[in-house]
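I have placed the structure first, in the form of structure tokens, so that the comments after it can refer back to it.
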Amino acid sequence: MPPGTGYRTLQDAADNHQILQVWCGGCRRRVNYLPADLVPIVGWQHYAHEPPFACSRCKTKEYMATALLSPSLGDYGDIKVRRPAGMVRVWKTVNLGDDP
């Protein structure tokens, strides 16, 4: 990313093979994500300094913080990363003509 172009996005972090570390100051939970996994879910323009979701324990984004990590070769195999295991499509029945 050229200097002076604004905040880093998840796509920038994915292109640089970085890890997005998200932690909650309320419950002290720390989770690592691969930005390439988050891009299809939250979009490529999502800023890396904004948490992608609320804390699953506290149910709020109020105490969330993020950091980008650049792993070294020695980190591979040692850092736990949360990866998507699949997407669940939710269906509901509506009357024909009603907005979904």
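When we measure straight from the Cα of K80, which aspartates and glutamates land under 17 angstrom away, once same-chain ones fewer than 8 places off are left out?
Straight-line reach from K80, under 17 Å: D37.
Within a Cβ distance under 15 Å of R8, other residues only, what is the Lys/Arg minus Asp/Glu net charge?
Local charge sum for R8: -3.
Determine ³J(HN,Hα), in whole Hz, for all residues of the range 23-32 in sequence, where each value follows from phi through the Karplus function 6.51 cos²θ - 1.76 cosθ + 1.60 and θ = phi - 60°; x replaces Gly and Pro.
Ordered by residue, 3J(HN,Hα) equals 9, 10, x, x, 10, 6, 7, 10, 9, 9 Hz.
Between D98 and K61, what FRET efficiency follows from the Cβ-Cβ distance if R0 is 30 Å, with the result rounded to 0.05?
0.40
Can you give me the convex hull volume of the Cα atoms of the chain, divided per residue and expressed in Å³? Mind showing how you got there, number by number?
Working: hull volume 16.1 nm³, N = 100.
Per residue, the Cα convex hull of the chain comes to 161 Å³.
Would you mind working out the magnitude of the charge dipole of the chain relative to its Cα centre, with +1 at each Lys and Arg C-beta and -1 at each Asp and Glu C-beta, to the nearest 20 Debye?
Here the size comes out at about 500 debye.
Values quoted throughout were computed directly from the atomic coordinates according to the rules given, and no laboratory measurement underlies them. Computed from a predicted structure; not experimentally measured. Positions of Cβ are backbone-derived with ideal geometry, glycine not excepted, and every protein chain shown enters the neighbour counts.
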